[in-house]
Amino acid sequence: MQTANQNVTLTGRRRFWFIFTLLLGTWTMSISQSSLSTVYPTFMRDFGISASTVQWLTTGFMLTMVVMMPISPWLLNNIGFKKLFLAVLVLFDIGSIIIYFAPSFGVMMVGRLIKAAAVGVLFPSYQSILLTITPEEKRGSTMGVAGLVMGSALASGPIISGVVLKFTDWHGLFAVFITVATLLILISFTTIKDVMVNKPSKLDLLSIVTLLGFAGILYVVNEIGKPNVNWTFGWLLLAVSVLAVAYFTYRQFHLETPLLELRVLKTFNYDLAIFLTAISYVALIVVTIIFPLYYQGVLKVSPFVSGMSLVPGAVLLSILNPLTGKLAEKIGYKQIMLLGMSMIVVGWLILALINSELNLLTMILLAALIEGGNAFVMMPAVTLGANSLPDELISHGTAVITTVRQILGSAGVAVATLVLSNVTLAQKQAGVSTLRANLQGYHTVFWMMLGIELVGLVLALLLRDGRKQSH
């Protein structure tokens, strides 16, 4: 078993194939997460289900991920990375097989949740491992490559699903996932090594139970604005969930060996990094959800064109990620993140100030500006946060960052969608034309996003220069 300080054993080709296998697994799971929405109409037809029912493939996936992410540090410390990575791949493969042979939507949902558990463990873990095996002065470059992989998954997800569905039905998409996952399992036996020393501890089951509070809060947030919601149940669930999260937090500070080490929150630069990566992620995910609605609802382009219009921004995000990592190492993380937040703010500012209808090319360029800015913030913020912590707390730090990012990102999309629909409806009821009502709805969202990103710009200004910042 190697310790975090024995990275000399992961050099040259061994290091390359380790990172290649790790990132290919992460890329495949990210594709699985992002490419499914294009298949929803087919699922609705084949299983005879409604749009609100099929949406549970996304909602259930998201809720499961949020619960599993905080458990990842315990798994890393108690199981060992090789066993954990293989277990994650096997779970992902089993989930894909269940979906492939699913006779009903209920069975498909079981497979989807199994895959979500695997993804929820891997997403914080792969970042922890990359940060652990990389010297601090080279972490920016390494995480930049990781950002390239995740960005390319965002870009290629709709393309891959579109190509597969052109030549086969939805089963073909899961056949691809099964094939890749099976090959990765075989490769991992030789390429993946244990790179973290085991630190066995007792699994605190009560902490896991109270983690469900995060899922409860996220569920209620996503119900806002939907018709026919039972808000008696909703408010009760929200109250219970908030109490569960509060007790989870209290318990982590009072356990000798907590499930999730929340004492990382006592580090100033790390706290800023959490909110910077989350705020930049909100901008990114709102672009990928709201812009296609603008393309189809205002510009009246086809779903295919609106999907392809997201690709340039995602490609730019992929290209910039490795470059921003190297730049951060050379000129400093604070400067890089100030530049990124400024790009994001300028993008939303232009959108907010122009009241008239924007053409497709302008929207694509502004999406690229915002997504390009994200490349200067999200992964550098993760790296800066890790550099602000002792090495033994990196796995806990990345778990907290990814969990907060997922929750705030999902909440941001829910609020943006709610604002869009409510403002548009209010304008129509006031007698405004459909086009003007739609534009007013979108511009309200743009102003809201500008306000959120300005907060991010202020946080970037508060960052402290230097490394291994403590309190």
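If the stretch 356-446 were replaced by its equivalent ellipsoid, with semi-axes equal to the square roots of 5 times the Cα gyration tensor eigenvalues, what would those be, largest first, whole Å?
Working: eigenvalues 287, 60, 8 Å².
Those come to 38, 17, 6 Å.
What do you reckon, how do 56, 170, 235, 74 stack up by accessible area (1.4 Å probe), largest on top?
Numbers: 56 95, 170 5, 235 160, 74 45 Å².
Correct descending sequence by accessible area is 235, 56, 74, 170.
Students sometimes get this wrong: rank 254, 171, 396 by accessible area, probe 1.4 Å, all chains present, largest first.
Values: 254 120, 171 50, 396 20 Å².
Sorted descending by solvent-accessible area, the residues read 254, 171, 396.
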At q = 0.09, 0.12, 0.13 Å⁻¹, work out log10 I(q)/I(0) for the chain with the Debye formula, treating every Cα as an identical point scatterer and leaving solvent out; two decimals please. -0.59, -1.11, -1.32
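In Å², what does the accessible area per residue of the stretch 46-184 work out to with a 1.4 Å probe?
On the way: 4570 Å² over 139 residues.
Accessible area per residue, the stretch 46-184: 33 Å².
Under 8 Å for C-alpha pairs, at least 6 residues apart: give me the relative contact order for the chain, rounded to a whole percent.
Working: 713 pairs, mean separation 104.7, N = 471.
22 percent.
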Using each residue's phi in the stretch 274-281, evaluate 6.51 cos²θ - 1.76 cosθ + 1.60 at θ = phi - 60° and report the 3J(HN,Hα) Karplus result to the nearest Hz, with x for Gly and Pro. 4, 6, 5, 5, 6, 5, 5, 5
Which distance in Å, rounded to a whole number, links the C-alpha centroids of the stretch 135-153 and the stretch 154-195? 21 Å
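For the stretch 64-223, with all protein chains present and a 1.4 Å probe, just round the carbon and sulfur fraction of the accessible area to a whole percent. Please list the in-between numbers first.
On the way: 4330 of 5690 Å².
C and S atoms contribute 76 percent here.
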Please tell me which of these pairs span more than 24 angstrom C-alpha to C-alpha: 115/138; 266/330; 115/226; 138/334; 82/115; 266/334? 115/138; 266/330; 115/226
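On full extension of the chain, what length is gained from residue 169 through residue 236, given 0.36 nm per residue of separation minus the C-alpha to C-alpha distance? List each step's numbers first, then the result.
Working: separation 67, 0.36 × 67 = 24.12 nm, distance 4.17 nm.
The span from residue 169 to residue 236 would gain 19.9 nm if fully extended.
Give me the 1.4 Å probe accessible area per residue for the stretch 340-471, excluding ligands and nucleic acids, in Å². Don't skip to the answer; put the middle values down first.
Working: 4990 Å² over 132 residues.
Result: 38 Å² per residue.
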Overall dimensions of the stretch 267-312 as given by Cα atoms, namely Rg and Dmax in Å: 15.2, 48
Work out how far the C-alpha atoms of the stretch 301-422 reach from end to end along every principal axis, then list the three figures in whole Å, largest first. 50, 32, 28
May I ask for the angle, rounded to the nearest 10°, between helix 360-375 and the longest principal axis of the chain, with both axes built from Cα atoms and the value confined to 0 to 90°? 20 degrees
Return the aspartates and glutamates within reach of residue 300: Cα separation strictly under 18 angstrom, same-chain partners fewer than 8 residues apart disregarded; answer none if there are no such residues. 357
In whole angstrom, the spacing between the Cα centers of the stretch 93-113 and the stretch 440-466 equals 40 Å
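How big, on average over all directions, is the shadow cast by the Cα convex hull of the stretch 127-190, in nm²?
5.6 nm²
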Can you give me the C-alpha center-to-center distance between the stretch 374-422 and the stretch 277-296, rounded to a whole angstrom? 15 Å
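What translational diffusion coefficient, to the nearest whole µm²/s, does the stretch 195-248 have by Stokes-Einstein, given a Kirkwood radius computed over alpha-carbon pairs, a temperature of 25 °C and 0.890 mPa s viscosity? Could you put the intermediate results ahead of the total?
Details: Rh = 12.8 Å.
Reported coefficient: 191 µm²/s.
With all pairs of different alpha carbon atoms counted, what Kirkwood hydrodynamic radius in Å does the stretch 84-130 show?
On the way: mean 1/r = 0.0920 Å⁻¹.
Answer for the stretch 84-130: a Kirkwood hydrodynamic radius of 10.9 Å.
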Could you work out how much longer the chain between residue 138 and residue 429 gets when fully extended? Use 0.36 nm per residue separation minus the Cα distance between them, nm to one decimal. 99.1 nm
Report, in degrees rounded to the nearest 10, the 0 to 90 angle that the Cα long axis of helix 56-68 makes with the longest principal axis of the chain. 30 degrees
Carbon/sulfur fraction of accessible area - the stretch 268-377, other protein chains in place, 1.4 Å, %: 76 percent
Once you have the Cα-Cα distance between residue 90 and residue 46, take 0.36 nm times their residue separation minus that, and quote the gain in nm to one decimal. 13.1 nm
Give the carbon-plus-sulfur fraction of the accessible surface of the stretch 418-464 in %, rounded to a whole number; probe 1.4 Å, heavy atoms of protein chains only. 66 percent
Roll a 1.4 Å probe over the protein heavy atoms and report the accessible area of residue 121 in Å², nearest 10. 10 Å²
Starting from a Cα-only point model with no solvent, please compute log10 I(q)/I(0) by Debye for the stretch 98-155 at q = 0.18 1/Å. -0.73
For the Cα atoms of the chain, what angle does the longest principal axis make with the long axis of helix 139-167, in degrees from 0 to 90, nearest 10? 50 degrees
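The values are calculated or read from the model by the stated rules, or taken from the named source; none is laboratory data. Everything numeric here is computed off the predicted structure, so don't read it as measured data. Keep in mind that these areas ignore ligands, DNA and RNA; they rest on the heavy atoms of the full protein, side chains included. Shrake-Rupley method; radii C 1.70, N 1.55, O 1.52, S 1.80 Å.
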